[in-house]
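The values are calculated or read from the model by the stated rules, or taken from the named source; none is laboratory data. Since the structure is predicted, the reported quantities are computational estimates derived from the model, not experimental observations. Because the Cβ atoms are built from the backbone with ideal geometry, glycine has one as well, and the counts that use them run over all protein chains shown. Areas reflect the complete protein model, heavy atoms only, side chains present, ligands, DNA and RNA absent. Shrake-Rupley method; radii C 1.70, N 1.55, O 1.52, S 1.80 Å.
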Amino acid sequence: MQEREVVQRNLALQRQWYGEPLGDRVRRLVVAYRTSQAQLAEVLGISAPMLSQVMSGRRAKIGNPSVLARLVMLERKVFTPGVAAGESEAVRQALEDVRDSRPALGRDSMPVRQVGNSEEVVRPALRQVAQPHELEWAADLLDSYHPALAGLLRRAASGETRAEDSRSA
């Protein structure tokens with residue numbers, strides 16, 4: 001099979017496996033985080049040549065599930081307020097958090113959580129879309145059926161921070 005055919009086949013497989021070619025996803029991250037492809041590879045935990053091969057379609061997949069999980073984590077962090085606003089400290093912190101992460105993978109899904117860090121993203125997002133009294137009301141409704149979710153809503157309503165979490169543990 002010629003290289004061009006291999007690349008086309010690999011890009012088709014990426015569309016099937018990942019929803020779109022990985023090169024498109026990675027290029028968006030390079031732009032969003034204002035970083036180089038080589039720096040992004042370091043954050044993901046993959047070599048720059050390997051990332052280049054995946055992006056160009058010379059390789060079909062990312063074999064290490066943790067690397068793929070970090071890619072998804074970066075995609076999710078793009079929507080955090082500071083990163084979305086392009087604040088250099090927020091961007092730096094997001095890249096550092098992902099680079100230093102040890103993502104936990106669900107059995108039948110992509111990353112379901114990043115140990116110790118997921119609520120830092122979720123609580124501020126909840127506070128942006130609802131007032132504290134609305135979050136409390138929703139928590140009361142969910143309490144008997146989904147107590148963990150109700151607890152998350154209450155923590156978001158109270159404005160708890162990471163430091164407060166560790167003091168109460």
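A count restricted to the range 77-89 and to residues that are part of a helix (DSSP H, G or I) and under 21 Å from Arg27 (Cβ atoms) stands at 4.
So that you can scan it fast, the table gives a plain yes or no per residue for (1) in contact with a Gly (Cβ under 9 Å, 6 or more places away or on another chain); (2) without any contact (Cβ under 8 Å) to a residue 12 or more places away in the chain; (3) part of a helix (DSSP H, G or I):
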position	(1), (2), (3)
Arg4	no, yes, yes
Arg15	no, yes, yes
Arg27	no, no, yes
Ala41	no, yes, yes
Pro49	no, yes, yes
Gln53	no, yes, yes
Arg59	no, no, no
Glu75	no, no, yes
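In the range 113-132, the residue that is modelled with the highest pLDDT out of those that are open to solvent by less than 60 Å² (accessible area, probe 1.4 Å), in contact with a helix residue (DSSP H, G or I) (Cβ under 9 Å, 6 or more places away or on another chain) and part of a helix (DSSP H, G or I) is Leu126.
Checking each residue in the range 58-105 for being in contact with a helix residue (DSSP H, G or I) (Cβ under 8 Å, 6 or more places away or on another chain) and of a type in the set (Ser, Thr, Tyr) picks out Thr80, Ser101. Being at pLDDT 90 or above, hydroxyl-bearing (Ser, Thr, Tyr) and farther than 28 Å from Trp17 by Cβ holds for only one residue in Ser101, Ser56, Ser66, Ser88, and it is Ser88.
Residues checked against (1) β-branched (Val, Ile, Thr); (2) open to solvent by less than 60 Å² (accessible area, probe 1.4 Å); (3) closer than 23 Å to Arg123 by Cβ:
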| position | (1), (2), (3) |
| --- | --- |
| Leu11 | no, yes, no |
| Gln16 | no, no, no |
| Val31 | yes, no, no |
| Gly57 | no, yes, no |
| Ala60 | no, yes, no |
| Asn64 | no, no, no |
| Met73 | no, yes, yes |
| Val83 | yes, yes, yes |
| Leu95 | no, yes, yes |
